[in-house]
1. If a residue has to be closer than 30 Å to residue 235 by Cβ, modelled with pLDDT of 85 or more and more than 17 Å from the chain's Cα centre (by Cα) to count, how many in region 325-346 make the cut?
2. Could you tell me whether residue 140 is more than 20 Å from the chain's Cα centre (by Cα), over 21 Å from residue 342 (Cα atoms) and at pLDDT below 80?
3. Can you tell me which residue within region 109-130, out of those that are part of a helix (DSSP H, G or I) and open to solvent by less than 10 Å² (accessible area, probe 1.4 Å), is farthest from residue 149 (Cα to Cα)?
4. Return the total of residues in region 99-131 being aromatic (Phe, Trp, Tyr) and either modelled with pLDDT under 85 or in contact with a Cys (Cβ under 8 Å, 6 or more places away or on another chain) (or both).
5. Picking from 296, 351, which residue would you name as being of a type in the set (A, V, I, L, M) and without any contact (Cβ under 8 Å) to a residue 12 or more places away in the chain?
6. For region 172-199, which residues satisfy the criterion of being open to solvent by 10 Å² or more (accessible area, probe 1.4 Å), of a type outside the set (A, V, I, L, M) and outside any loop (DSSP other than H, G, I, E, B)?
7. Hey, could you check region 238-258 for residues that are open to solvent by 10 Å² or more (accessible area, probe 1.4 Å) and under 16 Å from residue 319 (Cβ atoms) and say which is nearest to the chain's Cα centre (by Cα)?
8. Being modelled with pLDDT of 90 or more and surrounded by 17 or more Cβ atoms within 10 Å (Cβ to Cβ) is the requirement here; does residue 169 meet it?
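The values are calculated or read from the model by the stated rules, or taken from the named source; none is laboratory data. Source: prediction; values computed, not measured. Counting neighbours? That spans all protein chains shown, and the Cβs are built from the backbone with ideal geometry, glycine included. Just so you know, the surface numbers come from the protein's heavy atoms only, side chains and all, with ligands and any DNA or RNA stripped out. Shrake-Rupley method; radii C 1.70, N 1.55, O 1.52, S 1.80 Å.
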Amino acid sequence: MSERRQILSWAFYDWANSAFATTVLAGFFPLFFKQYWSAGQEATTSTFHLGIANSASSLVILLLAPTLGAIADRGGARKRLLACFMILGVLATAGLYLVGKGMWFEAALLFVLGAIGFSGSIVFYDSLLVDVARPRDYDRVSALGYGLGYLGGGLLFAVNVLMTLKPQWFGLADAAAAVRLSFLTVAVWWLLFSLPLFVNVREQVTDRPAGWLEAVRGGFRQLADTFAEIRKLRTVLLFLCAYWLYIDGVDTIIRMAVDYGMALGFEPTSLIVALLIVQFVGFPAAIAFGWLGGAIGTKRALLLGIAVYMGVTVWGYFLENERQFYLMAITIGLVQGGVQSLSRSYYARLIPPGKSGEFFGFYNMLGKFAAIIGPLLVGWTAVLTGSSRLSILAVLLLFVSGAWLLWKVPEPERIEQR
């Protein structure tokens, strides 16, 4: 089988699962959870429930990550385990189609299971990169996956948005029926476009794959060894602490923006259009941010992006109308991809030579499972104060503390040779 076919088949899993990230995670679920499944509840109560659901799914994956990584490295069953998590996510997402009005607990439970399936499958998907590409092609192949993810997730999301705006075009009774059907389309899309990976990608299995118990023990030992080394490298530890805080803020904005707009009384269709704006502004803006990092320095560009997020958070407190929400979506789109991509490249300059695999494993674990503090912070603030506006200001704590720690990280060129 040609290398090109394997690479494309692998990358199409990003195209497949990004439908969940856009339509479900950031888009329709927060909206529908507040408007349909939490009908009759106070806005602050539904915000709290949504924050708990987001944090619970992130926490479960965070606790499972060492075991999943161990199996990926030592167990020789990455495709099978990827399939298990993918099927969990697909079934949970499809199940949302069946959840009736007012059944917020059932909807939250299925959402948690779907998010676990989504994040868990990515652990094994990422680990298959070394099987489909040569080291010199890692960057190109990884970028292909991200590119297809942006395109695929955005394309299905656009169709789903059109379904809600013009349900009669699709033979649907109303927008609520369109949203419910959208969850089903995500499940089918995710399953269908996952097939090329399972058919065409050849997993390289070690001569003696570790048993499950040995793999689990090995994974926890590897995590402990890496963490022990990170503790000795003050610069790396400082950056990771900063990254955990500000990327948690970024993820919280992504996950809670629609819920916040609903609490302010904005039209659901306007909120979804705003998400589409972020999706399509974000891709070229990320490329531009890469140029900006080269022009003014990576850390300065990162701090600029975080500063914009601080401004957006304060702006959110004073938000008054949907036109401002659109402008805010454009502003977020201009920095979202840049903060994510420059964080990765800055970290690459800090880590010891020859240890990128284990150190990036730790970094990716933080990045994928960061959104624990933020949603809880937003939810609890909304409940304790009774104000959705004050709840969004709580995210400012994550950006300010993350930026302060990042400011204290020495520039890579001034770091002494280890």
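1. Result for region 325-346: 0.
2. no
3. Residues of region 109-130 that are part of a helix (DSSP H, G or I), as a first pass: 109-127, 129-130.
Now restrict to residues that are open to solvent by less than 10 Å² (accessible area, probe 1.4 Å): 111, 114-115, 117, 120-121, 124-125.
Numbers: 111: 20, 114: 18, 115: 17, 117: 17, 120: 17, 121: 15, 124: 16, 125: 13 Å.
Looking at the filtered set, the residue picked out is 111.
4. So the count comes out to 2.
5. 296
6. 180, 185, 189, 193, 196, 198
7. Only one residue fits best here, namely 253.
8. So residue 169 does not fit the description; no.
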